Amino acid sequence: MSTALFTHADCLQHRTPPGHPEQVARLEYIATALGAPGFDALDRREAPLCSDDDILLAHPQSHLDTIIASEPQDAIRALDEDTHMSPGSMQAARRAVGGAIAAVDAVLGGDVTNAFVATRPPGHHAETQTPMGFCLFGNAAIAARHAMERHGLSRVVIVDFDVHHGNGTQALLWNESRATFFSSHQHPLWPGTGFPEETGGHNNIHNIQFAPQTDGSTMRAAYEAEVFPVIERVKPELIIISAGFDAHAADPLAQLNWGLEDYTWLTENLCALAEKHCNRRVVSLLEGGYDLTALAASVAAHVTVLLDRGA
């Protein structure tokens, strides 16, 4: 078995204004990092375009229509103060959703052990009918719905370790009894949601808040106490990771103090749980991470574990 890497050059055509943190260079730095000799074993695949029906697994037609109509013919258009579209953004967003779905298919089909999807725009802030936080569609929630609706899974776990609360994934899966969602994030910090009392329609939402300057040891203790035991009880058939790397100490948009060893530790433990409960099946989707050097190194650490566990 092996580890698949899904990406596509179309995701470089989604452009944001100069100085915007969610920039084309993020994927360029990741591509360079994963092009190093240690990553020769990656099964490299193009992220396919998703269909409208794929997006409609989690969003209504009205949201899809709004995003399609919002794509500009030239220049860059602001949807809100953080979220933008350019010519090519819709194509990139379809690759992001399509890559997530193809990764689920590859892992559940036994073609590969696990997968990392390096696409943009990210997805975990996109709510049911609201693009926000750099995100247009809920990539992780769509991937989970695809696994449940089309593959018949009844126990999917989504772990979001991005430094910002995954408000979109939470909203999209709030009433989904087959999905268990964990978000660990800095608080206070944008978007200001993600309180422990937000537990979902079936007690399926779990929010873990970290104060500014929290380091990796505090994070590890919280995951051991609040995340891993719940995953053990759920016994998932698939683990999806919303892999944001902006809790790194170098990231400019937040104030947590995690390092590469913390991302390695988290990935090792999630893969160990997947090995115990779901035949090692893990799909990891790129979310945030805005210091380019730290992002590339963090992704490399994360994918190194996926490769080791996928062999």
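Table for the structure above
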{"quantity": "Of all residues in the range 199-219 being touching a strand residue (DSSP E or B) at 6+ places or on another chain (Cβ under 9 Å) and in a helix (DSSP H, G or I), the one that is surrounded by the most Cβ atoms within 10 Å (Cβ to Cβ)", "calculated": "Met219"}
{"quantity": "Top-ranked residue in the range 103-149 [being charged (D, E, K, R) and outside any loop (DSSP other than H, G, I, E, B); ranked as surrounded by the most Cβ atoms within 10 Å (Cβ to Cβ)]", "calculated": "Arg145"}
{"quantity": "Candidate set from the range 13-33 (those that are part of a helix (DSSP H, G or I) and among the small types (Gly, Ala, Ser)); member that is farthest from Gly310 (Cα to Cα)", "calculated": "Ala25"}
{"quantity": "Residue count for the range 275-290, restricted to those that are under 17 Å from the mean Cα position of the chain (by Cα) and not in a strand (DSSP E or B)", "calculated": "5"}
{"quantity": "Some residue of the range 60-78 being in a strand (DSSP E or B), of a type in the set (A, V, I, L, M, F, W, C) and crowded, with 22+ Cβ neighbours inside 10 Å", "calculated": "no"}
{"quantity": "So Gly192, is it crowded, with 18+ Cβ neighbours inside 10 Å and either more than 28 Å from Val303 (Cβ to Cβ) or among the small types (Gly, Ala, Ser) (or both)", "calculated": "no"}
{"quantity": "Leading residue by the ranking (surrounded by the fewest Cβ atoms within 10 Å (Cβ to Cβ)) among those in the range 150-166 that are more than 12 Å from the chain's Cα centre (by Cα) and more than 16 Å from Leu57 (Cα to Cα)", "calculated": "Arg155"}
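For every residue, the table says whether it meets (1) under 17 Å from Ala143 (Cβ atoms); (2) in contact (Cβ under 8 Å) with a residue 12 or more places away in the chain; (3) in a helix (DSSP H, G or I); (4) of a type outside the set (D, E, K, R).
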| residue | (1), (2), (3), (4) |
| --- | --- |
| Met1 | no, yes, no, yes |
| Cys11 | yes, yes, yes, yes |
| Gly35 | no, no, no, yes |
| Asp54 | yes, yes, yes, no |
| Arg95 | yes, yes, yes, no |
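Throughout, read-outs are computed from the coordinates displayed, never taken from laboratory work. Just so it is clear, the structure is predicted and the values come from calculations on it, not from any experiment. Positions of Cβ are backbone-derived with ideal geometry, glycine not excepted, and every protein chain shown enters the neighbour counts.
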